[in-house]
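In what follows, a structure is listed as structure tokens, so that the remarks can point back to it.
The values are calculated or read from the model by the stated rules, or taken from the named source; none is laboratory data. Computed from a prediction, not measured in an experiment: that's the story for all the values here. Here the Cβ is made from the backbone with ideal geometry for all residues, glycine too, and neighbour counts use every protein chain on show.
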Amino acid sequence: MASPCELLIASHDEAIARQMLTLAANEAQRIEAKYSRFIEGNYLWRLNHSQGAAVDIDAETHSLLQFAGQCFSLSDGQFDISACPLMALWRFDATAKGQIPAQDAIEAARKRIGFSRLRLEAQKLQLPADMQLDFGGIAKEYAVDRVASMLAGAWPSLSVLVNFGGDIACPIAKPESQAPWQIGIEDPQALDSAAAVLQIRQGALATSGDTRRFIEKAGVRYGHIIDPGSGYPVVGAPRSVTVLGPNCVTAGMLATMAMLKGEQAEAFLAEQQVYFKVFR
């Protein structure tokens, strides 16, 4: 998941806690091994190297692609998991060294993306030969929801908080006799410090932002949320957006869409009638 992952468990039973941790770790590792674009030879790598041929896909992948299609449609094409060529150009790790991709490379990458170009059936997927998918925008939230659902199914009376890098789900309501979960929202101006604290008993939240993934060049800050329309990081995007929702994939979708809206992030979230916190 490329981030710290933890469970908070409302129990003093160490044996149960270890069982829950094992289940969560195994499922998170399974999803990462399957859908990470950085693992050569894995399931996603084989899809991305299918060279335009129609290939068989499983029900899990079909469901994720359907959700990705909804994100693409609802965002007017801004939330696009086929933007992998652009993501490969924009590097936000230590190797980037503040380098901005060349304009001709960006334009060439933009010609290779567009979710509407793929062909999806119940059990088959056909990608254009020049297209590659990146599930990074939805896979971590999906993993949170999967782990939360599995834990709730196995221990339906035990409240637990699943936290994968700030994407959180609490599938079983914490009893009124116990204190609610305390969730800090990081201050973009003072990392590792909370600018706000939410108290929740059940639900999910997700945060999107550039507080830890950005580059600076000639005094300009470039966040990691890329607009496929321009090929560049979104202009006027907030530093971070946190959304509270019924599940993590929905909260994550809305948080990322809000980032993509740039200056209109707050107006967009207000229309969704969800709790949100935006920092600029």
Checking the conditions here, which among 216, 263, 271 is assigned to a strand (DSSP E or B) and among the acidic types (Asp, Glu)?
216
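Kindly provide the set of residues from segment 134-157 that are outside any helix (DSSP H, G or I) and within 23 Å of residue 13 (Cα to Cα), ordered by number. It would help to see each step written out before you state the result.
The initial filter retains those residues of segment 134-157 that are outside any helix (DSSP H, G or I), namely 134, 138, 155-157.
The answer is 155, 156, 157.
Would you check if there is a residue in segment 136-153 being out of contact with any Pro (no Cβ under 6 Å at 6 or more places or on another chain) and farther than 18 Å from residue 249 by Cβ?
The initial filter retains those residues of segment 136-153 that are out of contact with any Pro (no Cβ under 6 Å at 6 or more places or on another chain), namely 136-147, 149-151, 153.
Those still in the list that are farther than 18 Å from residue 249 by Cβ too: none.
No, because not a single residue in segment 136-153 is out of contact with any Pro (no Cβ under 6 Å at 6 or more places or on another chain) and farther than 18 Å from residue 249 by Cβ.
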Residues that are at pLDDT 90 or above and surrounded by 19 or more Cβ atoms within 10 Å (Cβ to Cβ): which strands (runs of 3 or more DSSP E) entirely in segment 158-203 hold 2 or more of them?
160-164, 167-170, 181-187
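Looking at segment 74-84, is at least one residue among the charged types (D, E, K, R), in contact with a helix residue (DSSP H, G or I) (Cβ under 9 Å, 6 or more places away or on another chain), in contact (Cβ under 8 Å) with a residue 40 or more places away in the chain and surrounded by 17 or more Cβ atoms within 10 Å (Cβ to Cβ)? Walk me through how you get there before you give the answer.
Taking segment 74-84 first, the residues among the charged types (D, E, K, R) are 76, 80.
Right, trim to in contact with a helix residue (DSSP H, G or I) (Cβ under 9 Å, 6 or more places away or on another chain) and you get 80.
From what's left, in contact (Cβ under 8 Å) with a residue 40 or more places away in the chain: 80.
Now drop any that are not surrounded by 17 or more Cβ atoms within 10 Å (Cβ to Cβ), which leaves 80.
Yes, that holds for at least one residue.
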Going through 67, 72 one at a time, which residue ends up being touching a Phe, Trp or Tyr at 6+ places or on another chain (Cβ under 6 Å) and not charged (D, E, K, R)?
72
In segment 142-199, the residues that are of a type in the set (Asp, Glu), under 25 Å from residue 63 (Cα atoms) and out of contact with any Leu (no Cβ under 9 Å at 6 or more places or on another chain)
145
Mind listing just one residue for me: the one in segment 118-143 that is out of contact with any Gly (no Cβ under 7 Å at 6 or more places or on another chain) and of a type in the set (D, E, K, R) and, of those, surrounded by the most Cβ atoms within 10 Å (Cβ to Cβ)?
134
Taking segment 97-115 only, how many residues are of a type outside the set (A, V, I, L, M), surrounded by 12 or more Cβ atoms within 10 Å (Cβ to Cβ) and on the phi < 0 side of the Ramachandran plot?
5
Residue pairs qualifying under the 7 Å Cβ cut-off, at least six apart or on distinct chains, with the first in segment 1-29 being under 23 Å from residue 135 (Cα atoms) and modelled with pLDDT under 95 and the second being assigned to a helix (DSSP H, G or I) and among the acidic types (Asp, Glu), are 1/32
Let me spell it out: the conditions are (1) loosely packed, with under 14 Cβ neighbours inside 10 Å; (2) more than 21 Å from residue 4 (Cβ to Cβ), and residue 261 meets all of them except one. Which number is the exception?
(1)
So, in segment 238-280, how many residues would count as being over 14 Å from residue 75 (Cα atoms) and of a type in the set (Ser, Thr, Tyr)?
3
Quick check, is residue 271 farther than 30 Å from residue 131 by Cα, exposed (fewer than 12 other Cβ atoms within 10 Å of the Cβ), among the charged types (D, E, K, R) and free of Cβ contacts under 8 Å to residues at least 60 places away in the same chain?
yes
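Only helices (runs of 4 or more DSSP H) wholly contained in segment 40-115 count here; list those with 2 or more residues that are at pLDDT 95 or above and not aromatic (Phe, Trp, Tyr).
Numbers: elements: 43-48, 59-74, 84-89, 103-110.
Fully inside segment 40-115 and qualifying: 43-48, 59-74, 103-110.
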